[in-house]
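One structure is given here, and the rest of the page talks about it.
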Amino acid sequence: MTLYQEIRNYLTCCEPGMFDLLKRMVETQSHSYHKSGNDQMMALIASEFENSSLTCTEIAQETFGNHLVVRSPATGSFANQILLVGHTDTVFPEYSPFNQYREDNQKCYGPGVIDMKGGLTAGIYALKALDFLGLLRKIPVTFVFNSDEEIGSRTSAPIIRREARKSLFAFVLECGGLQGEIVTGRKGNMSARMETFGRAGHAATAGQNKVSAILELAHKIIQFESLNDPSRKITVNAGKISGGIGPNTVADHAEAGIDIRYEDFSDRQHLEKKIDEIAKTIYVPGVGTQVDIISGRPPMPQSAKNRQLFDTVKTVATQLNMDIKEEFRFGVSDANLIADENTPVIDGLGPIGADDHSENEYMIKKSLLERTILLACAIPACRQKFAD
């Protein structure tokens, strides 16, 4: 019996347990700002490794959820580890009505089921399979579970970068595309907060010279939107605004949240210059403006090493009678941070699904076992290829 057959047989027997774990994780509310929920997630994950050879180290955080680093026994003896990364947090608030796991014959649904608790399940069981077969005594694997990816990996980024620098290559377990896509490149992003500061007053007596923070914000949002440039693959979106206390008052404060995406490293300098110009331009006399970049990730180029890693995984997939494709994805993930450390990385190795960040989020059920088998087989195959 070949190694791939042994892995498939082991994981096929584990499939009911995989769905049981997925259900328990989905029904553990773990919004990015819900610390106790993410801490519960880390405890649940750690319990899955209690009877294994892997060790778990929890990294406590004051404000956000704790992080968890899981290591195979070989990490202490062999250089050039393999890095797996997945996040426990979701975009759904603690008291969201979208809080249950359900399934039908083909799909399962729930908050985070594909983004990315399905990927976490695949990663956990891939390591269980390799541990059962005794391979983790010779394959150094580190799995970072972080709790803040959806808000820019604010506290986990240094951990991920540090582990990336020690790694031969990395797999990030975000969801796969509906046509079997695996990600070899991503855009970079910046998340900006723009605040305007005016002077409060009564709308009845304000007149056209009112010092309105909202009016200034409106002018500046139009200028931000003008930075959209399809020819350079730059996208800018003002996605959230707030300000004022009522229609009969002049707002003394207003705020906007802005998302900026770009593909080339050089575009960040261009965008930062334009943002500075917008902040300094005054449309409503007397109103001040402050723009802060609150988070961001560098681009993940489709490098030759990333594509070599993808090609090796594709060879494994072919041997398993699975079909995968290469994709450049516009969204960002922790793979961007890993790529910035010049570590080969591919993403989208989790199960297949769609409609994440919405109450229609779903996972194609059969893909959970398939992607777990692919991941478990790809780890030793890619280590052998890249260690040569």
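Every read-out reported here was derived from the displayed coordinates using simple, explicitly stated rules and does not represent laboratory data. Just so you know, these numbers come straight off a predicted model, no measurement behind them. Positions of Cβ are generated from backbone atoms using ideal geometry, with glycine treated the same way; all protein chains shown enter the neighbour counts.
Nearest 20 debye, what's the magnitude of the dipole of the chain about its Cα centre given +1 on Lys and Arg Cβ and -1 on Asp and Glu Cβ? Spell out each step's value before the answer.
Values: 41 positive and 49 negative charges, 159 e Å.
Approximately 760 debye in magnitude.
When the Karplus curve 6.51 cos²θ - 1.76 cosθ + 1.60 is applied with θ = phi - 60°, which whole-Hz ³J(HN,Hα) does each residue of segment 164-181 get, with x for Gly and Pro?
These are the phi-based 3J(HN,Hα) values: 4, 5, 9, 10, 6, 6, 9, 10, 10, 9, 4, 5, x, x, 5, 9, x, 5 Hz.
With r as the distance between the Cβ atoms of residue 241 and residue 80 and R0 = 45 Å, compute the FRET efficiency 1/(1 + (r/R0)^6) and round to 0.05. Don't skip to the answer; put the middle values down first.
Values: r = 48 Å, r/R0 = 1.06.
According to the calculation, E is roughly 0.40.
If amide H atoms are built 1.01 Å from N in the plane of the peptide, which residues on other chains or at least 5 residues away come under 5 Å of the amide H of residue 283?
none
Run the dipole for segment 188-297 about the Cα centre, Lys and Arg Cβ at +1, Asp and Glu Cβ at -1, nothing else charged, and hand back the magnitude in debye, nearest 20.
Numbers: 13 positive and 14 negative charges, 15 e Å.
Charge dipole of segment 188-297: 80 debye, to the nearest 20.
Hey, what angle do you get for helix 304-319 against the long axis of the chain, alpha-carbon based, 0 to 90 degrees rounded to 10?
50 degrees
Rank 238, 157, 203 by mean-square fluctuation in a GNM of the chain with C-alpha springs under 10 angstrom and give only the top-ranked residue.
203
Run the dipole for segment 239-302 about the Cα centre, Lys and Arg Cβ at +1, Asp and Glu Cβ at -1, nothing else charged, and hand back the magnitude in debye, nearest 20. Please report the intermediate quantities before stating the final value.
On the way: 7 positive and 10 negative charges, 8 e Å.
Roughly 40 debye for segment 239-302.
Bin width 10 Å, origin at 0, all Cα-Cα pairs of segment 52-211: what percent of pairs per bin?
Values per bin, smallest distances first: 9, 29, 29, 16, 7, 6, 3, 1.
When we measure straight from the Cα of residue 314, which lysines land under 21 angstrom away, once same-chain ones fewer than 8 places off are left out?
Excluding near neighbours in sequence, the set is 305, 325, 366, 385.
Of 47, 387, 324, whose Cα points farthest to the positive end of the dipole of the chain (charges on the beta-carbon: +1 Lys, Arg; -1 Asp, Glu; origin at the Cα centre)?
Value: 387.
Compute the normalised compactness of segment 128-186: alpha-carbon radius of gyration over 2.2 N^0.38 Å, N being the residue count.
The reported ratio for this selection is 1.36.
Which of the listed residues, 171, 294, 250, is farthest toward the dipole's positive end in the chain, when Lys, Arg count +1 and Asp, Glu count -1 at the beta-carbon?
Final value for the positive-end residue is 171.
Restricting the calculation to Cα positions, tell me the Rg (one decimal) and the Dmax (whole number) of segment 189-235 in Å.
15.0, 46
For the chain, just run the numbers: alpha carbon Rg, then divide by 2.2 N^0.38 Å, N being how many residues it has.
Values: Rg = 23.1 Å, N = 388, 2.2 N^0.38 = 21.2 Å.
Here the Cα radius of gyration is 1.09 times the empirical estimate.
Based only on Cα atoms, what Rg/Rh ratio does segment 188-297 have, Rh being taken as Kirkwood's radius? Numbers along the way, then the final one.
Working: Rg = 15.0 Å, Rh = 14.5 Å.
With Rg and the Kirkwood Rh in hand, the quotient comes to 1.04.
Output the 0 to 90 degree angle, nearest 10, between the alpha-carbon long axis of helix 265-280 and the longest principal axis computed from the alpha carbons of the chain.
30 degrees
Calculate the length of the line joining the C-alpha centroid of segment 321-388 to that of segment 280-309, in whole Å.
Each part's Cα centre sits 25 Å from the other's.
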